[in-house]
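Down below is the structure, laid out as structure tokens.
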Amino acid sequence: MRKALGFLVLLAGLAWAQTALKVGVILPLSGASAVSGKAALNGIQLAADEVNATGKAKLELVVVDDGTDAAKAVPAFTKLMTVDKVDIVIGGLVSGVTFALSGPVKQYGPLFLVIGAASSVVEQAFEGYPLFFHYHPWDYHNVAAALQFFQYLNREHGAKKVAILYEDGPFGSAGIGVYKQQLEKLGYQVQAEPYKTGSGQFTAILTRFRAFAPDILYWIGYDVDALPIATQARQVGLRPKLIYGAPPSWPIGFERNPLSNDVAGMTAWLPTLSNAESRRFVEAYRKKYGEVTEEYMAPMGYTIVKSLALAVEKAGSNDKNRIAEALATLRMNTPFGPLAFKPSDTGKTRYQGFGADIWFQFQYLEGSRRPVFPKDKASRPLRYPGEYYLR
Amino acid sequence: MELLLQTLLNGLLMSGVYALVATGLALSLGVVGIVNFAHGEFLMMGAFLSYLFFALQGLDPLFSLGLAFLAAFLVGGLVYQGLIRPVLPAPELNQMLLTFGLSILLQNLALLLFGADTRVVAPSYQAATLTLGPFFLGAVPLGAFMLSLGLLFLLQVFLTRSRLGLAMRAVAQNRLAPGLLGIEADQVYLLAFGLAAALAGVAGVMLSVILYASPTVGFIFTLKSFAIVALAGLGNLKGVVPAALVLALAEALVSTYLPGGGGLVEAVFFLVLFLALVGRAWRSP
């Protein structure tokens, strides 16, 4: 009897050891995308704690910083592969950095769970890679969601001119030509200008935009650019009816700055969403970190780890190929809504998680982000024209 | 025409901060004779100091200017005594490696203390604008420009009218002869290096409002200052203001008139540096 019990304990121990999994996490914890990177890491750690607490799987995270810089990301990724010897990597937030990782990823062959990297340049770079799971929508999904909003602005508010400021890296510039064409198809006159993210120098471009007199000032860039644009637009006397931004994250404390008022943007998630998974996530996040985040990268990181844990459980193994097979057929509810993988719209990658439907538009109103479009998700009507004058 | 004038105005306003930062670099290069790659980190310190005072005490950045000047002067003095002075007799490469290492150290120290997030000092007048007919002038960039000019004027008075200033210029011109006349070169170096750091610290306070404070905010200003100093002539203090004006106007014009110029604006200083060096090479046989 004792022998049998000992054997059972040994088996249980072996089973537990089998599902103990070392997971590499490569995120921008410094540099231009640090706000998104840290939010993502918080979500990942929260989910890993929850998974480990259930005892069904044990996840051990090995976190490295890519510095929002391809030159730092490649050695950091190589370290994960060669020193930490992980088989599964969560990361790929910034398109330019993820693009640079495409070679090393193909070389070492991990199961790569990608949290961001919306640029279709990345989709192309990972074409045919069998262990590439992309959770975040692609840029054409983002464009589709934004175009829906612009169509509404054109139809309901008579907006006719858009001035676009886009950062000159892959995030901002990939597909800008197509974007311009699509807006023109909707009846807009478009003027688009590139800029260097983090330079803080917008006065010259904004001055030129003044002659164009846009209804909408639209910028595609990073959080560091938000305040300089909001400030310098006023300083050069640009008077758009809407300032609309599409950064992966917004600067910390931006909502407390009066210059943020009426600035609109697109997000995939806000803590005020009424879906049950979202409410559960918000509560767990508040309990662990003592605050509520508005960064959608936090639930995105959370979702990735939760889905990974379910796949590990389903696969009953820590073999990356078997986990990938389990992930491919997974169906689950997330703070963003239902998640299931299918081939990307272009057919270049096999496992695409979310699409255009998770996006919605918000506006900074009285110190917080309020959903304003589409109507089924709106908690407040859009303020158009926004007041960007100095009071 | 209106666009051209507004563009020139934008460039003119930016040139003040450029001149202030580059004058510090020219001082340390011209007087102490050291290529200081950590110059931008004094600027970063000023920016974070302004942020701390604003975030913790609600202190207007205008009041932080004096404090940043003193703090950066003190840190600059300590850096000179502790690090720069011992390597002055060493080959130039050693000096450059030391200041480069110091730059990395200070950036990482800031990363540890403040994290990588950008911090903004947002006083109520941050986006205030003055209108002159069809032209717009941001109140903060205008204030920064005026203050920079004022400081540079005071520096000029100090260098031309005070004994200490004259001693500094003498050391800049000839390192041996002033010693024979009883001028303590070491003290002059200390003062010059402290002043250089202080000017960058003040510029940092201005940039905490115009841009943001972050561990890497100073780096690009070090590079631009090198371009300005090269254009002005290494160590030539008088040439710094016109050289800063050339760089700022070139950036504004490229950004406004070149297709896709907004993405190229950070490359302008490379071009300026390149042209300055090539021009000098052609002039000297």
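FYI, it's all coordinate maths here, none of it is from the lab. Since the structure is predicted, the reported quantities are computational estimates derived from the model, not experimental observations. When we count neighbours, we look across all protein chains shown, and the Cβ atoms used for this are built from the backbone with ideal geometry, even at glycine.
Structure notes:
- Sequence-distant aspartates and glutamates (8 or more away, or on other chains) whose Cα lies within less than 16 Å of residue B:224: B:41, B:251, B:266
- Taking a sphere under 13 Å around the Cβ of residue A:86 and counting the other residues whose Cβ falls inside, with K and R at +1 and D and E at -1, yields a net charge of +1.
- Whichever lysines have a C-alpha closer than 25 Å to that of residue A:85, once near sequence neighbours (fewer than 8 apart) are set aside: A:22, A:38, A:56, A:58, A:72, A:106, A:306, A:314, A:320
- For residue A:219, residues with placed amide H under 5 Å, excluding near neighbours: A:165, A:244, A:245, A:246
- Each of B:246, B:11, B:120 was placed along the dipole of segment B:2-283 (beta-carbon charges, centred on the mean Cα), and the one lying farthest toward the positive end is B:246.
- Leading residue at positive end of dipole, the protein assembly as shown (Cβ point charges), from A:67, B:193, B:264: A:67
- Helix-only mean residue ellipticity at 222 nm for chain B, each DSSP H run of n ≥ 4 adding -39500 (n - 2.57), per residue, nearest 500: -23000 deg cm²/dmol
- Taking a straight line from the alpha carbon of residue A:377, these aspartates and glutamates sit under 15 Å away, with near neighbours fewer than eight places off in the same chain left out: A:357.
- Debye, to nearest 20: dipole size of segment B:2-283, +1 on Lys, Arg Cβ, -1 on Asp, Glu Cβ: 640
- Full extension of the chain segment joining residue A:346 with residue A:287 gains 17.2 nm, where the gain is 0.36 nm per residue of separation less the Cα-Cα distance.
- Annotation: amide H of residue A:189 within the under-5 Å range of A:161, A:162, sequence separation 5 or more or interchain, hydrogens built in the peptide plane.
- By the helix-only formula, in which each DSSP H run with n ≥ 4 contributes -39500 (n - 2.57) and the sum is divided by residues, chain A has a 222 nm mean residue ellipticity of -13500 deg cm²/dmol.
- For the options A:357, A:225, A:87, a Gaussian network treatment of chain A with springs between C-alpha atoms closer than 10 Å singles out A:357 as fluctuating the most.
- To the nearest ten degrees, helix A:95-108 and the longest principal axis of the Cα atoms of chain A are 20 degrees apart.
- Volume per residue of the convex hull around the Cα atoms, evaluated for segment B:81-182, comes out as 208 Å³.
- Net charge dipole size for chain A [Lys, Arg +1 and Asp, Glu -1 on Cβ; Debye, nearest 20]: 540
- Charge context of residue A:53, other residues only, Cβ under 13 angstrom, K/R +1, D/E -1: +3
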